[in-house]
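The values are calculated or read from the model by the stated rules, or taken from the named source; none is laboratory data. Please read these numbers as outputs of a predicted model, since none were measured by experiment. Quick reminder, even Gly has a Cβ in these numbers, built from the backbone with ideal geometry, and neighbours come from all protein chains shown. Surface accessibility is based on the protein's heavy atoms, side chains included, excluding ligands, DNA and RNA. Shrake-Rupley method; radii C 1.70, N 1.55, O 1.52, S 1.80 Å.
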Amino acid sequence: MSLGNLGDAAWIVQFALWLGVAVMVMTALMLSVTLVMRRSALRLARIHERAVARWRPLVLALPDGASTAMPALSDEEVPGFIRVWNEAHEPLRGASTANLARIAGEVGLESRLYPFLHSSSFHDRVVAVVALGHTRSSSGFTLVAGFLDDRSPIMSLCAARALMQIDPQRGVLQLVPRIVQRADWSLGSIAAILQECAEADVAAPLRDATLRADAATRPRLLRFLAGVSPAAAAPIIRAELSATDDEEMISACLQVITNQADLDCVRPLLAQPRWHLRMQAAVTLGRLGVPGDEQRLIELLTDRQWWVRYRAARALVSLGFVGNERMRTIQAAQSDAFARDIIEHVLAEFAIGDMT
């Protein structure tokens, strides 16, 4: 081997040696960083749990009306206190108590929440928004409103609830347009937020939004309105059932109608060409029907669609003035085998307690 080749080989060996050393150093460095981060995380977790253990008895166990001076809240205890503070409010379903407000004031909670709103941690931002809602401080309204259009439905829904807690009259003006715009918002979450509000605060804005809405969003808004204020929804339901041929809107109206006086708009739907609307009309009569409506439901026992026959039979049983004995009489009077069978089926369900 020539001297040139030996020199090249030595250089390669030397390079590989130093490369190995560098890899080992980097591995040791990464391991050290990981261990430091792990120790730091464990330390923060211990601090958090100690803070929760310290503050939970003070915040949760203190009877309403009692007055006990709160200890100082250190900066490292704030995350644990926020957790306890939010836990204390969850059973209250959007309400608060004088004790909790006093505690927040004594520990200076509101000002200590503001830095968390700008945290790089999504969790910290969410719990801070939730906690600000519970403080009901008007000075936090604008800050919370900034999260209403957050890309995360979790964050934006938490902000919506917080706004309604801080100032329902201002908050509903921000909330209602987002109900229309945010297709990613859970319907159950929206309904829960509205249920926590006073009817007087949200009924009128929801009613106006429902009347202005297009055909695609009106059924959804009507369901929310009916959940908050059946009285405010009733005129809209009656008007829609009397005039619209939109199947989704008719379906929504049948699901939320509560006024027996409007059944004259429901009964013609028992002859609807669309079988699912006939079925829903039968269900509605089962909820709200009056003597005489059983004859209309009996006629549906011979419908060509099984689901219509089934719901008509269940609706008959649901009527308080049609008992088991009357159902047997109705069954015996049927010449149609399908009608007799569906009554037998429903009575068997009723006998085993499956009338869900």
query = So which residues in region 254-266 are open to solvent by 20 Å² or more (accessible area, probe 1.4 Å) and β-branched (Val, Ile, Thr)?
reply = Val256, Thr258
query = Which of the residues that make up region 178-214 are open to solvent by less than 50 Å² (accessible area, probe 1.4 Å), farther than 21 Å from Ala234 by Cβ and over 14 Å from the mean Cα position of the chain (by Cα)?
reply = Arg178
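Among Leu269, Leu297, which is at pLDDT 95 or above, in contact with a Gly (Cβ under 8 Å, 6 or more places away or on another chain) and under 27 Å from His345 (Cβ atoms)? Full working, then the answer.
Details: Leu269 fails: in contact with a Gly (Cβ under 8 Å, 6 or more places away or on another chain).
From the options Leu269, Leu297, the qualifying one is Leu297.
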Matching residues, region 173-210, being under 21 Å from His89 (Cβ atoms), of a type in the set (Gly, Ala, Ser) and modelled with pLDDT under 90 = Ala198
Search result, residues across region 135-149 that are modelled with pLDDT under 90 and either of a type in the set (Phe, Trp, Tyr) or touching a Ser or Thr at 6+ places or on another chain (Cβ under 7 Å) (or both) = Arg136
remark   = Per the list (1) within 14 Å of Gly286 (Cβ to Cβ); (2) touching a residue at least 24 places away in the same chain (Cβ under 8 Å), residue check on Ala339 breaks on (1)
query = Is there any pair with a first residue in region 211-239 that is under 17 Å from Gly188 (Cβ atoms) and a second that is among the acidic types (Asp, Glu) and surrounded by fewer than 18 Cβ atoms within 10 Å (Cβ to Cβ) whose Cβ atoms are under 9 Å apart and which are 6 or more apart or on different chains, and what are they?
reply = Pro219/Asp246; Pro219/Glu248; Val228/Glu199
Region 96-120, subset open to solvent by 40 Å² or more (accessible area, probe 1.4 Å) and within 14 Å of Ala162 (Cβ to Cβ), residue modelled with the lowest pLDDT = Ser96
query = Looking at Ala261, Ala339, Ala332, Ala281, which one is of a type in the set (Gly, Ala, Ser), in contact with a Lys or Arg (Cβ under 9 Å, 6 or more places away or on another chain) and modelled with pLDDT of 95 or more?
reply = Ala281
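Condition test on Thr244, is it over 22 Å from Ile193 (Cα atoms), surrounded by 14 or more Cβ atoms within 10 Å (Cβ to Cβ) and hydroxyl-bearing (Ser, Thr, Tyr)?
Values: over 22 Å from Ile193 (Cα atoms): yes; surrounded by 14 or more Cβ atoms within 10 Å (Cβ to Cβ): yes; hydroxyl-bearing (Ser, Thr, Tyr): yes.
Judged against the criteria, Thr244 is a match.
Scan the helices (runs of 4 or more DSSP H) fully inside region 73-187 and keep the ones with 2 or more residues being farther than 26 Å from Ala226 by Cα and touching a His at 6+ places or on another chain (Cβ under 7 Å). Break it down stepwise before answering.
Working: elements: 78-89, 98-107, 109-117, 122-135, 141-145, 153-166, 168-181.
Because the criterion is at least 2 residues that are farther than 26 Å from Ala226 by Cα and touching a His at 6+ places or on another chain (Cβ under 7 Å), the helices (runs of 4 or more DSSP H) in region 73-187 that meet it are 78-89.
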inquiry  = Please go through region 121-151 and give me each residue that is over 22 Å from Glu87 (Cα atoms) and polar (S, T, N, Q), ordered by number.
reply    = Ser139, Thr142
message = For the condition open to solvent by 40 Å² or more (accessible area, probe 1.4 Å), under 23 Å from Arg136 (Cβ atoms) and at pLDDT 90 or above, what is the one hit in Arg218, Arg170?
response = Arg170
task = Please give the number of the condition Glu90 fails out of (1) under 19 Å from Leu113 (Cα atoms); (2) in contact with a helix residue (DSSP H, G or I) (Cβ under 9 Å, 6 or more places away or on another chain); (3) open to solvent by 40 Å² or more (accessible area, probe 1.4 Å); (4) modelled with pLDDT under 80.
result = (2)
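Do we find a residue being modelled with pLDDT of 90 or more, charged (D, E, K, R) and under 18 Å from Gly188 (Cα atoms) anywhere in region 150-166? If you could, list the steps in order and put the result at the bottom.
Residues of region 150-166 that are modelled with pLDDT of 90 or more, as a first pass: 150-166.
Adding the requirement that they be charged (D, E, K, R) leaves 150-151, 161.
So of that shortlist, the ones also under 18 Å from Gly188 (Cα atoms) come out as 161.
The answer is yes, given that some residue of region 150-166 is modelled with pLDDT of 90 or more, charged (D, E, K, R) and under 18 Å from Gly188 (Cα atoms).
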query = Is there any pair with a first residue in region 308-332 that is under 10 Å from Gly286 (Cβ atoms) and in contact (Cβ under 8 Å) with a residue 40 or more places away in the chain and a second that is among the β-branched types (Val, Ile, Thr) and surrounded by 20 or more Cβ atoms within 10 Å (Cβ to Cβ) whose Cβ atoms are under 9 Å apart and which are 6 or more apart or on different chains, and what are they?
reply = Arg314/Val346
remark   = Selection from region 173-191 of residues closer than 16 Å to Thr142 by Cβ and hydrophobic (A, V, I, L, M, F, W, C) yields Leu173, Leu175
task = For Ala231, indicate whether it is in contact with an Asp or Glu (Cβ under 7 Å, 6 or more places away or on another chain) and surrounded by fewer than 18 Cβ atoms within 10 Å (Cβ to Cβ).
result = no
